[in-house]
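The values are calculated or read from the model by the stated rules, or taken from the named source; none is laboratory data. Since the structure is predicted, the reported quantities are computational estimates derived from the model, not experimental observations. Methodologically, a virtual Cβ is constructed for each residue, glycine included, from the backbone with ideal geometry; neighbour enumeration extends over all protein chains shown. Each accessible area value is taken on the protein alone, full model and side chains, heavy atoms only, with ligands, DNA and RNA left out. Shrake-Rupley method; radii C 1.70, N 1.55, O 1.52, S 1.80 Å.
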Amino acid sequence: MKNQERVVIENIAPTINNGDFYIKRVVNEIVTVTADILSDGHDITAAAVLYKHEKEKKWKEVRMHPGHNNWQASFVVEKQGYYSYKVVGWIDYALNWQHGIERKIADNQHVNSELLEGISYVNKCELKATASEKKYLKHLADIFADANAYQESITEAVSERLHRIFYNYPEKILLNSSKEFQVYVDRLKARFSTWYEFFPRSASQKNGVHGTFKDCEKLLPRVSDMGFDTLYFPPVHPIGEVNRKGKNNTTEALKGDVGSTWGIGSKYGGHKDLHPQLGTIEDFKSLIKTANELGIEIAMDYALQAAPDHPWVKEHPSWFKWRPDGTVQYAENPPKKYQDILPIYWESEDFKNLWDECLDTLFYWINCGINVFRVDNPHTKPFYFWNWIINEVKAKHPDVLFLAEAFTAPKIMQQLGKQGYSQSYTYFTWRNNKHEITEYVEELTKTDQCEYMRPNFWPNTPDINPFHLQHANESKHIQRYVLAATLSSNVGIYGPVFEHMMSNPIPGKEEYLNSEKFQICNYDWFKENNLITIISKINKIRFENEALQQTNNIKFCNINNDNLIAFYKWNDSKDSELLIIINLDEHYMQEGMLQLPLAELGIGNHHHLKVKDLITDNVYEWNNEWNFIQLHASLPFHIFKIKK
């Protein structure tokens with residue numbers, strides 16, 4: 001194919017799979033686009049990024065500038081929804097003319113012919129120019145043609161004023177354009193959220209009594225006082241009675257056993273119904289309303305599976321895969337077995353009705369006031385199903401967010417992020433030493449994963465009682481929470497077992513003994529301890545400092561002790577800058593010399609710096625690149641606010 005275009009556009013970033021998927025931002029974030037822009041010869045090349053919101057017809061333009069290795073330009077996404085962007089490039093013949101005549105004038109050459117040539121470039125700009133600019137351009141056209149005005153002509157021909165006009169009104173001959181790419185823009189909560197999880201059936205303050213939504217409502221001030229803005233409930237639907245699990249995941253339930261909340265569906269209803277002992281739909285809506293008034297959003301669990309006595313099994317038998325003996329193979333996620341759960345048969349011939357019902361379930365709860373969903377085991381359902389259902393929901397309800405609970409192969413977790421999940425659980429739960437933590441956070445923030453996979457760091461979950469937390473002391477729990485809450489802008493804990501340090505395991509397994517998944521637990525909900533106080537302070541610091549409301553702006557700092565980890569975080573405008581140092585040894589004091597990241601801080605050695613510990617209010621004054629750090633296990637961290 002014959003092609004006269006002279007500008008080549010390559011290696012555009014950020015893009016995901018060359019544009020197969022959109023990148024992600026939240027409102028008022030910046031998209032910085034880079035590209036290789038090449039052209040033959042020595043003519044002046046120009047390029048721009050064009051962008052527009054999905055509801056806008058006209059493209060906006062921001063010019064690109066060449067850097068050391070590529071060209072770049074940035075734009076701000078100001079509204080939720082989809083934006084499109086692309087890169088265009090052209091030879092700028094007017095600027096090329098000005099550059100050429102400037103060199104000839106500097107060489108004392110006569111440029112009468114070049115001035116006459118310049119008239120055509122001046123005239124073309126007149127069509128787009130302002131009134132004052134048009135007057136100036138008309139004057140240039142006159143003097144360029146007047147041999148008696150030669151001296152004025154050569155002065156104006158190379159003037160900055162004419163340069164700006166040429167730059168602002170380019171004639172884009174043989175314009176080359178890249179394909180279009182997309183960015184999806186969420187509300188801020190997609191990037192910054194603080195989650196707390198508890199089981200509503202354990203919310204009662206009376207021993208052995210099944211909790212209710214009204215009991216949950218009484219606990220909302222406690223959740224708010226601790227600084228959490230998202231309260232996540234495991235499934236609140238009716239629980240199956242067939243193959244119900246007993247305590248500690250036994251396969252036979254005894255009288256009074258309440259079963260796993262993830263065994264959804266019984267004679268009392270399915271995914272659009274509430275467990276009758278929790279309360280009515282009016283109770284649930286009241287809980288949502290009261291939570292919202294306290295700045296808390298209720299997050300629901302979205303688990304696409306069914307107990308054997310779920311209404312779907314009789315009403316839609318083709319949604320399940322039946323074996324010759326008339327049974328359905330129960331769900332498995334090796335080594336775990338879920339005898340109380342039937343998996344959905346996603347290859348069903350009736351898949352369209354199945355998908356529609358799954359979507360209608362989401363719409364039902366959204367209409368009740370739910371805008372956040374934690375999705376159970378999404379990696380066991382088709383990727384393209386998630387792409388479809390998330391896009392369908394967000395087309396009508398752009399505020400809705402989805403958290404993917406998938407602890408599986410990295411590329412599968414990444415694929416879920418690409419398909420549209422707002423946030424993702426991560427391997428942080430198991431990353432424990434300095435090398436593991438640093439390597440993992442660098443992977444999340446310095447590769448293209450930062451464009452589509454928003455991490456949510458959880459020290460524990462009802463499913464995961466990691467070995468390093470089993471029988472752990474207070475210092476270890478503090479260490480794990482401050483790591484999660486400062487490394488990631490999205491963080492969550494499963495409580496109250498975490499803040500009460502209840503970590504007895506099933507021997508040899510990363511599971512809780514007497515797991516709340518299979519029984520009602522009773523807690524002293526209003527018990528106070530040092531860990532709760534510190535968690536609350538950390539959460540307050542997160543809300544007050546924008547540096548902790550994003551994940552990707554992070555620089556790990558040198559510190560000559562593997563039991564100490566240090567990192568610098570900042571917001572885009574750099575008016576919020578923090579330095580965090582954490583002792584990874586929960587038993588002993590650790591000390592070392594910390595190297596400040598001078599280049600990132602924009603200061604030189606011996607620059608006077610004040611750092612204020614936001615937990616203790618202690619202030620330290622530093623004048624050197626290397627500074628002494630000492631952290632005791634009792635308070636194993638500093639969160640320093642930097643004052644230059």
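Could you work out the equivalent-ellipsoid semi-axes for segment 157-203, taking the square root of 5 times each eigenvalue of the Cα gyration tensor, largest first, in whole Å? Please list the in-between numbers first.
Working: eigenvalues 619, 59, 6 Å².
Taking √(5λ) for each eigenvalue gives 56, 17, 6 Å, largest first.
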Computed label-point distance, nm, for sites Ser573 and Glu56 using a 7 Å Cα→Cβ extension: 2.1
With the Cα gyration tensor of segment 398-538 giving a ≥ b ≥ c as the square roots of its eigenvalues, does the rule (a/c under 1.5 for rounded; else a/b larger than b/c for prolate; else oblate) give rounded, prolate or oblate? prolate
Could you sort 534-540, 281-287, 228-234 so that the peptide with the highest average Cβ count within 10 Å comes first and the rest follow in order? 228-234, 534-540, 281-287
How big is segment 216-266 on each of its three principal axes, counting only the C-alpha atoms and giving the largest first in Å? 40, 20, 16
Can you tell me the Rg and the Dmax, both Å, for the Cα atoms in segment 417-496? 12.8, 40
Return the percentage of antiparallel bridges among DSSP beta bridges fully within segment 170-318, rounded to the nearest 5 %. 25
Using a 1.4 Å probe, how large is the accessible area of Ile520, given in Å² and rounded to the nearest 10? 40
List the aspartates and glutamates whose alpha-carbon lies under 13 Å from that of Lys540, not counting same-chain residues fewer than 8 positions away? Asp225, Asp229
Difference of contour (0.36 nm per residue) and Cα-Cα distance, Asp36 to Thr280: 81.9 nm
Among all the aspartates and glutamates, which ones have a C-alpha under 20 Å from Lys245's C-alpha, if same-chain residues fewer than 8 places away are not counted? Asp257, Asp301, Asp309, Glu332, Asp340, Asp376, Asp463, Glu510, Glu511, Glu516
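If you take every DSSP beta bridge fully contained in the chain, what fraction is antiparallel? Give it as a percent rounded to 5. Walk me through the numbers before you get to the answer.
Details: 75 of 104 bridges.
Taking every DSSP beta bridge within the chain, about 70 percent pair in antiparallel fashion.
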Setting aside same-chain residues fewer than 8 positions from Lys128, which aspartates and glutamates have a Cα under 14 Å from its Cα? Glu171
For Val236, enumerate residues with amide H under 5 Å from its amide H, sequence gap 5+ or separate chain, H modeled in the peptide plane. Asp301
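Treating the beta-carbon of each Lys and Arg as +1 and of each Asp and Glu as -1, no other charges, what is the dipole magnitude of the chain about its Cα centre, to the nearest 20 debye? Don't skip to the answer; put the middle values down first.
On the way: 71 positive and 83 negative charges, 163 e Å.
Using only the charged Cβ atoms, the result is roughly 780 debye.
At 1.4 Å probe radius, can you tell me the per residue accessible area of segment 14-127 in Å²? Intermediate results must be reported in sequence, preceding the final value.
Numbers: 5880 Å² over 114 residues.
Ligands and nucleic acids excluded, the result is 52 Å² per residue.
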For segment 1-110, the convex hull over Cα atoms projects on average to an area in nm² of 10.0
Pull out a ≥ b ≥ c, the square roots of the eigenvalues of the alpha-carbon gyration tensor of segment 527-644, then state rounded if a/c is under 1.5, prolate if not and a/b is larger than b/c, and oblate in the remaining case. oblate
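Using the C-alpha gyration tensor of the chain, what are the square roots of 5 times its eigenvalues, in whole angstrom, with the largest one first? Provide the component values of the computation, followed by the final result.
Details: eigenvalues 640, 215, 80 Å².
Gyration-tensor ellipsoid for the chain: 57, 33, 20 Å.
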Can you work out ³J(HN,Hα) from phi for every residue in segment 391-405, in order, using Karplus 6.51 cos²θ - 1.76 cosθ + 1.60 and θ = phi - 60°, giving whole Hz and x for Gly and Pro? 5, 4, 5, 6, 5, 9, 9, x, 6, 6, 10, 10, 9, 8, 9
